[in-house]
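K.L.:
The structure follows.
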Amino acid sequence: MKSSLNTDHWIQQEVTTLCNSNCGFCPRHTVGSRRTLGHITPEMVEILLERYAEAAPFSLNISGLGEPLMWPGIYDFIDRVKELDITLSMNTNALLLTEESSRLIDVLDSLQVNISLPTSSLYRAYKGHDGFDVEMENLRSWYLRKGCRKPVTDMRLLRFDQTAPHLKAFIMKYSAILHHGDAIKISDFGNWGGLINESFFGVERPETPGNIKLICGNLTNHLTITKEGNAFACCYSIAFPEDHPFKLGNVKDRSLHQLLHGRKHEELLQLQKDGVYVNECNQCSNTKLKPKPYSGDETPLHNGLTSAGARLIFE
């Protein structure tokens with residue numbers, strides 16, 4: 001029986017835990033034996049497609065602990081998902097955004113490219129390899145091939161003490177390669193539920209007053225599904241253990257509607273409304289105030305448009 005969600009609901013789908021980068025701000029370094037390395041199985045793909053068909057329309061984002069373009073089945077999977085009434089996006093680091101990736105043009109609705117770092121030296125320091133020039137050249141070629149067609153393609157940069165002085169120069173240099181509707185997004189550092197030490201990156205947050213509790217909006221309309229089919233209520237939960245309180249069940253035996261509107265999910269929502277947080281929520285950047293200003297930050301503090309009509313967004 002069809003039990004639809006709606007386009008306000010979004011599902012984060014992991015298809016692989018393998019990655020071709022080594023980002024120091026990624027929780028991959030913290031999971032240890034909690035997650036196995038590898039790709040989603042063909043059997044799980046069929047289960048997911050059946051669950052998607054039951055629940056459509058909704059929004060699906062392909063991301064997770066790994067780089068989606070490392071999974072050999074990614075293009076066929078995307079083609080099959082787009083046969084359903086689903087708004088489809090994907091995250092990538094652009095290292096594999098090569099000529100073959102042209103298959104994504106006019107198929108994906110949006111693409112987020114996690115450049116993260118605005119210079120080659122910072123890239124090398126925090127990702128452990130010399131991939132900055134490869135990523136940027138792949139992006140130049142991608143924007144040329146894509147033109148103004150879908151997917152809307154956003155470059156995402158992280159803003160912390162070491163990157164802040166270099167963001168304006170990056171924007172000035174690379175915004176011209178974007179097209180109308182594309183964006184450069186500047187995001188504050190996310191600490192993955194406290195798994196990543198923000199202070200190591202120079203992030204300092206004001207103390208949240210005791211009478212203020214910031215509710216994480218992702219709990220109201222979001223699921224994260226791992227490559228094994230485990231469904232969690234938190235977008236950071238791909239790094240959490242399987243017995244974590246945010247685990248809602250598995251798609252093998254529950255529909256997306258049951259997972260998102262079941263008793264366990266409603267109980268988690270009520271706990272946050274009552275100001276009762278699990279440990280990761282207490283430490284999470286999503287439930288804390290915005291960081292204090294960064295030293296040497298010369299970027300404009302407002303959203304706007306570039307000369308090519310691309311967007312500049314501060315999140």
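The values are calculated or read from the model by the stated rules, or taken from the named source; none is laboratory data. Every value quoted in this text rests on a predicted model; they were computed, and no experiment measured them. So basically every Cβ, Gly included, is an ideal-geometry build from the backbone, and we count neighbours across all protein chains shown. Remember, those area values only see protein heavy atoms, side chains included, never the ligands or the DNA or RNA. Shrake-Rupley method; radii C 1.70, N 1.55, O 1.52, S 1.80 Å.
K.L.:
Place a +1 charge on the Cβ of each Lys and Arg in the chain and a -1 charge on the Cβ of each Asp and Glu, then give the dipole magnitude about the Cα centre in debye, rounded to the nearest 20.
P.N.:
For this selection, approximately 420 debye.
K.L.:
When the helices in the chain are scored as -39500 (n - 2.57) per DSSP H run of 4 or longer and the sum is shared across all residues, what 222 nm value do you end up with, to the nearest 500 deg cm²/dmol?
P.N.:
Rounded to the nearest 500, it is -7000 deg cm²/dmol.
K.L.:
Please work out the FRET efficiency for the pair I47 and H179, using the Cβ-Cβ distance as r and a Förster radius of 41 Å; give the result to the nearest 0.05.
P.N.:
The calculated FRET efficiency here is 0.65.
K.L.:
Can I ask one more? When Rg is the radius of gyration of the Cα atoms in segment 76-117 and Rh is its Kirkwood radius, what does Rg/Rh come to?
P.N.:
Using Cα coordinates only, the ratio equals 0.99.
K.L.:
Give me the percent of accessible area attributable to carbon and sulfur for the chain, probe 1.4 angstrom.
P.N.:
52 percent
K.L.:
If you don't mind, another one. Per the Kirkwood definition applied to all pairs of different Cα atoms, how many angstroms is the hydrodynamic radius of segment 1-92?
P.N.:
In segment 1-92 this quantity evaluates to 14.1 Å.
K.L.:
With a 1.4 Å probe and all protein chains kept in place, how do H180, H261 rank by accessible area, largest first?
P.N.:
So the residues, ranked largest to smallest area, are H180, H261.
K.L.:
Among DSSP bridges having both ends in the chain, what percentage is antiparallel? Round to the nearest 5.
P.N.:
So the antiparallel bridges in the chain amount to around 20 percent.
K.L.:
Please compute, for the alpha-carbon atoms of segment 46-192, the extent along each of the three principal axes and give them in descending order in Å.
P.N.:
Computed over segment 46-192, the largest-to-smallest principal extents equal 48, 34, 25 Å.
K.L.:
From the protein chains alone at 1.4 Å, what is the descending order of accessible area for E198, E137, largest first?
P.N.:
The ranking, largest first, comes out as E137, E198.
K.L.:
Which value, in Å² and to the nearest 10, is the accessible area of W142 when all protein chains are kept and the probe is 1.4 Å?
P.N.:
So the heavy atoms of W142 present about 0 Å² to solvent.
K.L.:
For Y236, tell me the accessible area in Å² from a 1.4 Å probe, rounded to the nearest 10.
P.N.:
Surface open to solvent at Y236 totals about 30 Å².
K.L.:
Hey, another quick one. If the chain between D106 and S141 were fully stretched, how many nm would it gain, using 0.36 nm times the residue separation less the Cα-Cα distance?
P.N.:
My answer for the length gained is 11.0 nm.
K.L.:
If you don't mind, another one. Please identify the cysteines of the chain that lack any partner cysteine with a Cβ under 4.7 Å from their own Cβ.
P.N.:
Cysteines of the chain left without a disulfide-compatible partner: C19, C148, C216, C234, C235, C281, C284.
K.L.:
Quote the Stokes-Einstein diffusion coefficient, in whole µm² s⁻¹, for the chain, based on the Kirkwood radius over alpha carbon pairs, a temperature of 37 °C and a viscosity of 0.692 mPa s.
P.N.:
Value of D from the Cα-based Kirkwood radius: 161 µm²/s.
K.L.:
Still on this structure, please answer the following. What percentages, rounded to whole numbers, describe P(r) for segment 247-290 computed over all alpha carbon pairs with 5 Å bin width beginning at zero?
P.N.:
5, 21, 21, 19, 16, 13, 4, 1
K.L.:
Which value, in Å² and to the nearest 10, is the accessible area of R34 when all protein chains are kept and the probe is 1.4 Å?
P.N.:
Rounded to the nearest 10, the figure is 90 Å².
K.L.:
Oh, and also: By the scheme Lys and Arg +1, Asp and Glu -1, what is the net charge of all other residues having a beta-carbon under 15 Å from that of G147?
P.N.:
Charge balance in the 15 Å sphere: +3.
K.L.:
How many percent of the alpha carbon pairs in segment 215-261 exceed a separation of 15 Å?
P.N.:
Beyond 15 Å sits 34 percent of the P(r) for segment 215-261.
K.L.:
Accessible area per residue of the chain at 1.4 Å probe, in Å²?
P.N.:
About 44 Å² of surface per residue is accessible.
K.L.:
So which residue, out of T224, T36, T16, gets the largest mean-square fluctuation from a GNM of the chain using Cα contacts under 10 Å as springs?
P.N.:
T36
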